[in-house]
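K.L.:
Quick one: the structure is below, questions incoming.
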Amino acid sequence: MSTEEKAEAPANRAAAKGPRFGDFSEIAIVLVFAAIVLYLSLTTSVFLSAANIMAILVATSLIAVVACGQTFVIITGGIDLSSGSVVALSGVITGLVLHAGFPIWASIGAGILVGLACGLFNGLSVTYLNMNPFIVTLAAMSMARGLAFIIPNGQTIFGFDDAFDSIGGGLWTITGIGRAPIAGVISLAALAIGAFVLKKTVFGSEVYSVGGNREAAMIAGIPVRRTQILVYAISGALAGLGGVILTGRLDSAQPIAATGLELNAIAAVVIGGASLFGGRGSMLGTILGVLLIGVINNGLTLHNVEPFWVQFIQGAVIFLAVLFDSLNQKRRGA
């Protein structure tokens, strides 16, 4: 075997791990999800109602869009702590562009471009300045949140057209299926495209290779820097789209919006089987993680659990997911 083939082997093995259904983590989360759904359907009378299912889809749509971008970043071994603040900043810019009289499509584009710019800042800092992703995105989180307050002077921007508000809270009639929340359709489309990119494209293979073995990927000729920049750009752009969705849902752009959203998104990705050490993960797992978080939150609400306990339980779920990931990593390395 040549030196280049030896270098490619670990990267290819890492790529092969990610996109397949049937990993123990994915099977486990399906079983846990099914158990929770069964429990809630037996203990509450409204859990399986169409209205409640619609509420879950609307509530998880924002997490799903942001988690889609986080999946790319985490598979490469990085992390993006700035996404919640980027959602708020993008929402503020979207609201200001709308109030300036620009058409809806231009306002949506402005929000997404702001997110893209934030993602490029993170990616370039990680690659060309060799900065730690945790530190870079933590700093970006503070800067983006600060700008979200500075630009509108701390004021909430509100009063948008119904056509724009429908993006976040409207319903779309699908022939033969019925009505579905527009935000949910957007999030499913983003996840489907993300799944295709990870599973069927050269770029997707490069993402897994960089996360599986960065040095081997470099030796094999994979453009590691370009790949890292692109995954942060994708994460930023999707956070920008999340800002558009949230602004439409709230009919307002709030500088304080989406606080802590990045933690829920990261939790969904890790719960779905992605490794914080890189090289593993799938969009299917992310979907399962998002749904599990949404169902848990909905179930706690239906059972009138106090908000403080909701936060505690969310934190406990994240802790267990990271613990499982860490133990899995040690087992593989043994």
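K.L.:
With a cut-off of 14 Å, note down the residues of region 84-117 whose backbone N falls inside the zone around a label point 7 Å from the Cα of THR259 toward its beta carbon.
P.N.:
Inside the label zone: 84-85, 88.
K.L.:
Shifting gears a bit: Can you compute the modelled spin-label distance between ALA100 and MET218, with each label point 7 Å from Cα toward Cβ, in nm?
P.N.:
4.1
K.L.:
By the scheme Lys and Arg +1, Asp and Glu -1, what is the net charge of all other residues having a beta-carbon under 10 Å from that of MET141?
P.N.:
That works out to -1.
K.L.:
Another question about this same structure. Given contacts defined as C-alpha pairs under 8 Å and at least six residues apart, what's the relative contact order of region 83-238, whole-number percent?
P.N.:
RCO, region 83-238: 34 percent.
K.L.:
Let me ask you something else. Which of the helices in the chain, when you take each full DSSP H run, stretch at least 20 Å along the axis at their Cα atoms and have an average Kyte-Doolittle score of 1.0 or higher?
P.N.:
24-43, 50-75, 83-99, 104-128, 133-150, 182-200, 224-250, 283-302
K.L.:
Next up: At 0.36 nm per residue, and after removing the present C-alpha to C-alpha distance, how many nm does the segment from LYS330 to LEU120 gain when stretched out fully?
P.N.:
Computed gain between LYS330 and LEU120 is 72.3 nm.
K.L.:
Where in region 66-93 is the amide nitrogen less than 19 Å from a point lying 7 Å along the Cα-to-Cβ axis of PHE149?
P.N.:
82-93
K.L.:
Taking R0 as 41 Å, what's the FRET efficiency between ALA55 and TYR128 from their Cβ-Cβ distance, rounded to 0.05?
P.N.:
0.40
K.L.:
Something else: Report the net charge of residues surrounding ALA239, where surrounding means a beta-carbon distance below 14 angstrom and charges are Lys +1, Arg +1, Asp -1, Glu -1.
P.N.:
-1
K.L.:
Now a separate question. Set the Förster distance to 30 Å, then compute FRET efficiency between ARG226 and VAL32 from the Cβ-Cβ distance, nearest 0.05.
P.N.:
Working from the Cβ atoms, E equals 0.20.
K.L.:
Would you report the distance distribution of C-alpha pairs in region 3-333 as whole percents per 20 angstrom bin, up to the bin with the largest distance?
P.N.:
It works out to 32, 57, 10, 0, in whole percents.
K.L.:
Also, I was wondering about something else. Is there a quick way to get the dipole size of region 3-333? I mean about its Cα centre, with the Cβ of Lys and Arg at +1 and of Asp and Glu at -1; what is the value in debye to the nearest 20?
P.N.:
The calculated dipole for region 3-333 is roughly 700 debye.
K.L.:
Right, here's the next one. Could you list which residues have their amide H under 5 Å from that of PHE158, counting only those 5 or more apart in sequence or on another chain, with H placed in the peptide plane?
P.N.:
Answer set, sorted by chain and number: ALA253.
Read the figures in this text as sums done on the coordinates, not as results from a lab. The shown structure was predicted, so the numbers you read here are calculated from the model rather than taken from an experiment. Because the Cβ atoms are built from the backbone with ideal geometry, glycine has one as well, and the counts that use them run over all protein chains shown.
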